[in-house]
Amino acid sequence: MERSFKEEIKLLRLAEGEVFHGEGILAVTKALLQSGVSYVGGYQGAPISHLIDVLADARELMDEMGIHFEANASEAGAAAMLSASINYPVRGAVTWKSTVGTNVASDALANLASSGVKGGAVIIIGEDYGEGSSIMQERSHAFAMKSQIWLLDPRPTLPSIVRAVEKAFELSEASNTPVMVELRIRACHVHGAFTCKDNRAPAISRAAPLTAPSFDYGNIVLPPSSYAQEKHKIEKRWPAALEFIRREGLNEVIDGVALDGAAPLADIGILTQGGLTNAVLRALAQLGLADAHGASRVPVYVMNVTYPLVPEELTAFCAGKRAVLMVEEGQPAYLEDALGAVLRRADLNTRVYGKEVPGQPVDTAVFPLAGEYTGEVMQKGIAAFLRAAAPALPGDALAAPDAVAALKRRAAELLGAPVPNRPPGFCIGCPERPVFSAMKLLERESGGYHVSADIGCHLFSSLPPFNIGNTVLGYGLGLASNSAIGPLFNKRSLTVMGDGGFWHNGLSSGVSNAVFNNDDGILVIMKNGYSSATGTQELPSSPHQSQAHRATDMGIEKTLAGMGVKWLKVVDNYRVSNTLKVLREAMTTPFAGLKVIVAEGECQLERQRRLRPINAEKLRRGERVLRVRYGVDEDTCTGDHSCIRLSGCPSLTIKDSSDPLRVDPVAHVNNNCVGCGLCGEVSHAATLCPSFYRAEIVHNPGWWDRLKARLRAAVIGVLQPA
């Protein structure tokens, strides 16, 4: 796993009144246990990935409580689990990355929202939006509105997150509606403390199972039931949700107070999504209008529930204020538009400041229309609002130094140039890198060809030095996206897919489609053994599986053969010459139909994590440990650097030559090398390069190692006298 939580999960056993100190994701898990959940599931994806890891590590505790846990094959499978709460009073929770995960789960979610639920159904959404995102810039809000699933966006503090999860179950049951709880990356990883409650064993569980099935045609999404369900959403569920939100005080108001002798600014206010509360208060503190404990001179309405909105709360907060600022991250401006409509219906003349409107220069626009509201953006936007809405404030108070910009300027001064970008890339020794090296060599031979990429680590191939991957349409959808492109070229096109994408969606949407339609494309499956990009979670074909997963017979090759794939080759990723040979064969073979190359090589990061403790234990016992390193003989290096251009390995770099007469830098392998051998492989595959050498470092050598070392030293001494 990306990270083990063996020690942290002990906190999940804390009882009533004890204080939990830890991280956001662990607090979510504790909240689930305190809520009497009967089943949990999900699919990994940033920033919520390690919720699956925590749940897996806590399996013993959940087994004791009778809670069922599954690491699902996809988000659709996770969402479908929630059907248990439609007919039965059982609480269930699932998790995935949004918005892409929600898109995969949309069929199940639409049906779930239409049927409604008896037991609480909660979806923990990893809201992956903004500068740290790995996906398109979309929000969960639109889906919540479309299906009328209530959306919670809690303040990123542990007490708020825990309360949101617990209240989400109650809200779901009070309104017979599934509920989403979205957590941004800062909320997932925030550290803090909260006072615990006792864990609640579910009334219905694996330890106390149901005895009879329940059937109600009214829960089936078919006419006429579906018409009644839509009517029930509007007439019963929505009012019930609003009543619960008001009664339980899920949204908060931070009243304006006097600070340092200055009076509160009661005639203005700020409304913010709950997840942005910390950023808002921090910006106010930088402007001298709040303190480090969250007290603010400016009243703040915290929307821990962003759908549905409570009109009475909005009008009560805005009444008597000249102007308010809506802090809403992302586009479209759902909340700002809704606030304007609520105030107009209430005949309130409070002026609303917020986002820029394209093509309409408005003096109330203080925030950019889209993009993440970072600390820098937040401070500038709030300062602009205060300059316009509270002109009595001294100007110097609203001109606090931009700490981020100042830091960038200072770094540029020290470097003598702007701070360079640091795009993501393959890990040192990644088994996927040599496959792309082979693909670049094939490109040199035959010219360019179209490559349909897929979601996963291998998408880093679209960055230098490879620049491979023309399109990417979704997880496991690379082969399907290639189906219309391939026939339009005068040469075969190629698709790259990971083993995670293969099991997620690629098998059904890609391989079956290609075999059924007899597509004449090439599919390269990166079989690194794990769902590596999300934290090396296990797959059906993982070589090393936990006790919970023993799918020893679910091989990719067997599955492909069963699907009717006739042309199938397996290659060792690190043998670049052989991989190039197989790619060349796939491009030129007269065979018409899908050609699959399974590129096999265990994720190097996971391999190192697995071997490091084993080798450490061997060293502790005084046993022999062999470590392989590669290096460059700088006297032989020509300075061609094809090794760097064709591998891009972070451990392969350049340095000044020790020869004072040589001006050009030479290639150099630094101490991060893991001994995969790619640097030498690509050099020999491209142009024979004798400058690379392989060294074996032996710890605790035996008599045979010492004898070989002496013999080698003697031979070298004869061939190369001092």
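The values are calculated or read from the model by the stated rules, or taken from the named source; none is laboratory data. None of the values given here were measured: they were computed from a predicted structure. Cβ atoms come from the backbone with ideal geometry, glycine included; neighbour counts cover every protein chain shown. Ligands, DNA and RNA are stripped out before the accessible areas are found, and what is left, the full protein with its side chains, is counted by its heavy atoms. Shrake-Rupley method; radii C 1.70, N 1.55, O 1.52, S 1.80 Å.
Structure values in brief
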quantity: When residues of region 643-663 are limited to those that are farther than 28 Å from Ser577 by Cα and surrounded by 13 or more Cβ atoms within 10 Å (Cβ to Cβ), the one modelled with the lowest pLDDT; calculated: Arg662
quantity: Contacts under 8 angstrom Cβ, first residue in region 613-638 being more than 20 Å from Ile428 (Cβ to Cβ), partner open to solvent by 40 Å² or more (accessible area, probe 1.4 Å) and of a type in the set (Asp, Glu), 6 or more apart; calculated: Glu634/Asp659; Asp635/Asp659
quantity: Region 445-472, residues that are open to solvent by less than 40 Å² (accessible area, probe 1.4 Å) and aromatic (Phe, Trp, Tyr); calculated: Tyr449, Phe466
quantity: Test: Thr687 is of a type in the set (S, T, N, Q), in contact with a strand residue (DSSP E or B) (Cβ under 9 Å, 6 or more places away or on another chain) and either open to solvent by less than 50 Å² (accessible area, probe 1.4 Å) or modelled with pLDDT under 90 (or both); calculated: no
quantity: Residue satisfying all of: in region 224-239; open to solvent by less than 30 Å² (accessible area, probe 1.4 Å) and small (Gly, Ala, Ser); farthest from Leu284 (Cα to Cα) among these; calculated: Ser225
quantity: Count of region 175-211 residues which are under 24 Å from Ile48 (Cβ atoms), among the hydrophobic types (A, V, I, L, M, F, W, C) and not in a strand (DSSP E or B); calculated: 5
quantity: Every residue from region 144-174 that is in a helix (DSSP H, G or I), more than 19 Å from Gly120 (Cβ to Cβ) and open to solvent by 10 Å² or more (accessible area, probe 1.4 Å); calculated: Met145, Lys146, Pro159
quantity: Qualifying residues in region 590-637 (those that are touching a strand residue (DSSP E or B) at 6+ places or on another chain (Cβ under 7 Å) and among the β-branched types (Val, Ile, Thr)) - the one farthest from Val524 (Cα to Cα); calculated: Val625
quantity: Out of Ala31, Ala80, sole residue that is buried (at least 21 other Cβ atoms within 10 Å of the Cβ), within 22 Å of Lys118 (Cβ to Cβ) and among the hydrophobic types (A, V, I, L, M, F, W, C); calculated: Ala31
quantity: Positions within region 299-315 being touching a residue at least 60 places away in the same chain (Cβ under 8 Å) and more than 22 Å from Ala240 (Cβ to Cβ), in sequence order; calculated: Val302
quantity: Residue count, region 616-642 (criterion: within 19 Å of Cys676 (Cβ to Cβ) and open to solvent by less than 50 Å² (accessible area, probe 1.4 Å)); calculated: 8
quantity: Among (1) within 26 Å of Arg444 (Cβ to Cβ); (2) surrounded by 12 or more Cβ atoms within 10 Å (Cβ to Cβ); (3) in contact (Cβ under 8 Å) with a residue 60 or more places away in the chain, the one test that Arg694 misses; calculated: (2)
quantity: Identity of the residue in region 512-540, small (Gly, Ala, Ser) and either in a helix (DSSP H, G or I) or in contact with a strand residue (DSSP E or B) (Cβ under 7 Å, 6 or more places away or on another chain) (or both), that ends up most open to solvent (accessible area, probe 1.4 Å); calculated: Ala533
quantity: Selection count where residues are assigned to a helix (DSSP H, G or I) and open to solvent by less than 10 Å² (accessible area, probe 1.4 Å), scope region 418-440; calculated: 7
quantity: Matching strands (runs of 3 or more DSSP E) fully within region 249-304 where at least 1 residues are touching a strand residue (DSSP E or B) at 6+ places or on another chain (Cβ under 7 Å), farther than 16 Å from Pro156 by Cβ and open to solvent by less than 20 Å² (accessible area, probe 1.4 Å); calculated: 268-273, 300-303
quantity: Tally, over region 305-338, of residues that are open to solvent by less than 10 Å² (accessible area, probe 1.4 Å), out of contact with any Asp or Glu (no Cβ under 9 Å at 6 or more places or on another chain) and either of a type in the set (Gly, Ala, Ser) or not in a strand (DSSP E or B) (or both); calculated: 4
quantity: Residue in region 378-397 that is modelled with pLDDT of 85 or more, of a type in the set (Phe, Trp, Tyr) and under 30 Å from Lys581 (Cβ atoms) present; calculated: no
quantity: Qualifying residues in region 94-123 (those that are of a type in the set (Ser, Thr, Tyr) and open to solvent by less than 10 Å² (accessible area, probe 1.4 Å)) - the one modelled with the highest pLDDT; calculated: Thr95
quantity: Which numbered condition Cys673 fails, given (1) within 19 Å of Pro465 (Cβ to Cβ); (2) open to solvent by 50 Å² or more (accessible area, probe 1.4 Å); calculated: (2)
quantity: Test for Ser509: is it touching a strand residue (DSSP E or B) at 6+ places or on another chain (Cβ under 7 Å) and either free of Cβ contacts under 8 Å to residues at least 40 places away in the same chain or of a type in the set (Phe, Trp, Tyr) (or both); calculated: no
quantity: Neighbours by Cβ (under 8 Å, 6+ apart or cross-chain): first from region 181-195, in contact (Cβ under 8 Å) with a residue 40 or more places away in the chain; second open to solvent by 40 Å² or more (accessible area, probe 1.4 Å) and part of a strand (DSSP E or B); calculated: His191/His21; Gly192/His21; Ala193/Val19; Ala193/His21; Phe194/Val19; Thr195/Val19
quantity: Selection within region 12-65 - over 16 Å from Thr536 (Cβ atoms), outside any loop (DSSP other than H, G, I, E, B) and of a type in the set (Asp, Glu); calculated: Glu23, Glu60, Asp63, Glu64
quantity: Of residues in region 438-470 being under 20 Å from the mean Cα position of the chain (by Cα) and polar (S, T, N, Q), the one farthest from Val598 (Cα to Cα); calculated: Ser462
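Yes or no, residue by residue, for (1) within 20 Å of Met180 (Cα to Cα); (2) within 17 Å of the chain's Cα centre (by Cα); (3) open to solvent by 30 Å² or more (accessible area, probe 1.4 Å):
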{"residue": "Phe5", "(1), (2), (3)": "no, no, no"}
{"residue": "Val19", "(1), (2), (3)": "no, no, yes"}
{"residue": "Ala27", "(1), (2), (3)": "yes, no, no"}
{"residue": "Ser38", "(1), (2), (3)": "yes, no, no"}
{"residue": "Gly41", "(1), (2), (3)": "yes, yes, no"}
{"residue": "Gly45", "(1), (2), (3)": "yes, yes, no"}
{"residue": "Glu60", "(1), (2), (3)": "no, no, yes"}
